[in-house]
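Data block below; observations after.
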Amino acid sequence: RYSPDWASLDARPLPAWFDQAKVGVFVHWGVFSVPAWGSEWFWWHWQGQHRADYERFVQSRYPPGTTYADFAPRFTAHDFQPRQWAQLFQRAGARYVVLTTKHHEGFTNWGSPVSWNWNSVDTGPHRDLVGELGQALRESNIRYGLYHSLLEWFNPLYLADKESGFKTQDFVLKKTMPELYDLVLKYKPDLIWSDGDWEAPESYWNSTSFLAWLYNDSPVKDTVVVNDRWCNNCSCHHGGYYNCADKYQPGTLPAHKWEMCSSIDKLSWGYRSNMNIAELMDEMSIIEELVQTVSFGGNYLLNVGPTKEGVIVPIFQERLLALGRWLDTNGEAIYESKPWRVQVENSTVTVWYTAKGPVVYAIFLIWPRDNVLQLSSPTPSTATQVTMLGFAGTLKWHKSPDAGLLVTLPHLLPSPLPPQSGWTVRLEGVK
């Protein structure tokens, strides 16, 4: 049994499904989707920091005296079709999906018994969004993760605890912990993506006692995976796998399982009605981030923000489907792979490596001009065989004069769609 201290909790082996999954979709959805402007931190920038641009925005678009609570009834989810979402995420190649059950605004996307009238069942959609999406994902055989913020910016109980220097714990005992236990017992998540941890120590949050219960006695004790945001100095040190920071990229192979979370909209995690195409990641940068992350042993969690009606806008769908098409061809080099002894090669063309058993995959993002791919790290043997994912037949290769091998690529690109970025050469019989 695990005891409620980090030494014991950190020793728990990470359930294998998470490392095998590699690709997930993150969904930021809440009352912040109503103003749909700036970012999901709308309430904080407007009422916490009194930023002039946010104050002008509300004055110009909403009646005088509008409060943040007035946005909740407009969070309708009228067009939310969980099965369509699940189908989209499946076609995107996602093996798990993480939904915001509650962001720092405190509004819960399920009927939390301790969030009276500030939840999606009592107001707004009048639906259990967490439950509906969970059911659709399970039908599609996709793992379900729940994002949950420990803190709430303007909750009076939290503000009082903060005032006491976190010596009192009213907010944790009456709000945060009851909600975490409720989420686990009701929805049996495969993953808990904790956030909102940075202001207070673990002794305030009671994180270790929650995690000990989760690992010892909860209905998901053997399968559940958690991240590292459980206290103000936990990130990159304690918990399950590490997020370290948003959009974290280590640059070398970390010793601990990690995940990079990224967002198609580079300026926000929640939906913004005023985003433009230049502010979005294109297909090539998404694939590049994915390949880089997986070769360093990480998982890639790509975020979309739905509208207040529950629509994932077509440009986000298009990006997700492009990722899915790429994975249809190259997924063998991604799912269930492990980092190889060399992760990246900066020769004339940047090549990223992954491995599965004796097979090594070399993923290159730019097609070499002369159709010859130079790989200096693998050592070929007489038994070496080279093929390309998505292309029938073997490829000719010969030993490179200095080291490694030179692979002659097919003269026709393997995909008829010209903007495809990233191709995979499969190497057997190399060291």
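The values are calculated or read from the model by the stated rules, or taken from the named source; none is laboratory data. Note that the structure is predicted; figures quoted are calculated from it, not measured. Ideal geometry is used to build each Cβ from the backbone, glycine not excepted, and the neighbour counts take in all protein chains shown. Ligands, DNA and RNA are excluded from the accessible area calculation, which covers all protein heavy atoms including side chains. Shrake-Rupley method; radii C 1.70, N 1.55, O 1.52, S 1.80 Å.
Within the listed set Val360, Val342, Val351, the residue fluctuating most in the Gaussian network model of the chain (springs between alpha-carbon atoms under 10 angstrom) is Val342. Against the chain, whose longest principal axis is taken from its Cα atoms, helix 82-91 shows a tilt of about 20°. Spacing of the modelled spin labels on Ala16 and Asp282, each 7 Å from Cα toward Cβ, amounts to 4.1 nm.
By a 1.4 Å probe calculation restricted to protein chains, Met275 has an accessible surface near 40 Å², given to the nearest 10. Unpaired Cys in the chain, meaning no second Cys C-beta under 4.7 Å: Cys261. Per the Debye calculation on the chain with a single equal scatterer at every Cα and no solvent contribution, log₁₀ I(q)/I(0) for q = 0.07 Å⁻¹ amounts to -0.38. A Förster radius of 30 Å, combined with the Cβ-Cβ distance separating His50 from Asp70, puts the computed FRET efficiency at roughly 0.95. A Förster radius of 35 Å combined with the Cβ-Cβ distance from Thr223 to Glu163 puts the calculated FRET efficiency at roughly 0.35. Where the accessible area of region 338-430 is counted over protein heavy atoms with a 1.4 Å probe, how much of it, in %, is carbon and sulfur? That fraction is 60 percent. What percentage of the solvent-accessible surface of region 15-88, computed with a 1.4 Å probe over protein heavy atoms, is contributed by carbon and sulfur atoms? Percent of accessible area from carbon and sulfur atoms in region 15-88: 49.
Counting heavy atoms of the protein chains alone, Ser60 has an accessible area of about 90 Å² for a 1.4 Å probe. Rolling a 1.4 Å probe over the protein heavy atoms of region 272-328, with every protein chain left in place, gives an accessible area that is 52 percent carbon and sulfur. Can you give me the angle between helix 207-216 and the longest principal axis of the chain, using Cα atoms only, in degrees from 0 to 90, rounded to the nearest 10? Helix 207-216 sits at roughly 60 degrees to that axis. Once the Cβ-Cβ distance between Ser209 and His78 is put in as r, and R0 is 41 Å, what FRET efficiency do you end up with, to the nearest 0.05? After rounding to 0.05, the efficiency reads 0.50. Paramagnetic label reach from Lys431 (point 7 Å along Cα→Cβ; backbone nitrogen cut-off under 20 Å): within region 366-393, residues 375-386. Comparing Thr168, Thr382, Thr208 in a Gaussian network model of the chain (Cα springs below 10 Å), the most mobile by mean-square fluctuation is Thr382. If the Kirkwood radius is taken over C-alpha pairs of region 303-396, then at 4 °C and 1.567 mPa s the Stokes-Einstein diffusion coefficient equals 82 µm²/s.
Based on C-alpha pairs under 8 angstrom that are at least 6 apart in sequence, region 206-334 has a relative contact order of 18 percent.
What accessible area per residue comes out for the chain, rounded to a whole number of Å², with a 1.4 Å probe?
41
Considering only Cα-Cα distances, which of the following residue pairs are longer than 22 Å: Lys22/Lys102; Lys102/Lys175; Lys257/Lys338; Lys102/Lys186; Lys102/Lys162? Beyond 22 Å between Cα atoms: Lys22/Lys102.
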